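Some notes on the structure that comes next.
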Amino acid sequence: QVQLVESGGGLVQPGGSLRLSCVASGYRFSIYALGWYRQAPDKQRELVARATMDGTTIYTDSVKGRFTISRDNAENTVYLQMNSLKPEDTAVYYCNSVPPSANFWGQGTQVTVSS
């Protein structure tokens, strides 16, 4: 059974930082491109960062220079370091493969950026 568990979210002031973690179990983590997605209230879920199997990273324009995705295949974990957070980064953050699998969505972790 595939399971992805996200953690590390919370309430942070604008300009602050958070590090999200996603631990995967039940599948061959290393053979997938992985991504962090987010969904803000009343908006569609979007892919914000991805890491390919060889470690190449790609970011959506709104987070370039602020977010860093990394993966540890030995630990079946993918991370998202988020710096210089803005109120518009407020959302529930999820990890999944790229493209996403309907069977892989977890509960997500809430990130709230507010003063």
Inset, instruction - Return only the number of the condition from (1) closer than 22 Å to Gln110 by Cβ; (2) small (Gly, Ala, Ser); (3) in contact with a helix residue (DSSP H, G or I) (Cβ under 7 Å, 6 or more places away or on another chain) that Ser30 does not satisfy. - result: (1)
Inset, instruction - Could you grab me the full set of residues in the stretch 47-89 that are assigned to a loop (DSSP other than H, G, I, E, B), at pLDDT 95 or above and under 18 Å from Gly8 (Cα atoms)? - result: Arg66, Asn83, Ser84, Leu85, Lys86
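Any chance you could count how many residues in the stretch 3-34 are small (Gly, Ala, Ser) and modelled with pLDDT under 95?
Of the residues in the stretch 3-34, 5 are small (Gly, Ala, Ser) and modelled with pLDDT under 95.
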Legend entry - Selection within the stretch 1-46 - surrounded by 15 or more Cβ atoms within 10 Å (Cβ to Cβ), part of a loop (DSSP other than H, G, I, E, B) and among the hydroxyl-bearing types (Ser, Thr, Tyr): Tyr27, Tyr32
Legend entry - Set Gln44, Gln1: member being farther than 21 Å from Val113 by Cβ, of a type outside the set (Gly, Ala, Ser) and without any contact (Cβ under 8 Å) to a residue 40 or more places away in the chain: Gln1
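The values are calculated or read from the model by the stated rules, or taken from the named source; none is laboratory data. Computed from a predicted model, the values in this text were never measured in an experiment. Glycine gets a Cβ as well: all are built from the backbone with ideal geometry, and neighbour counts include every protein chain shown.
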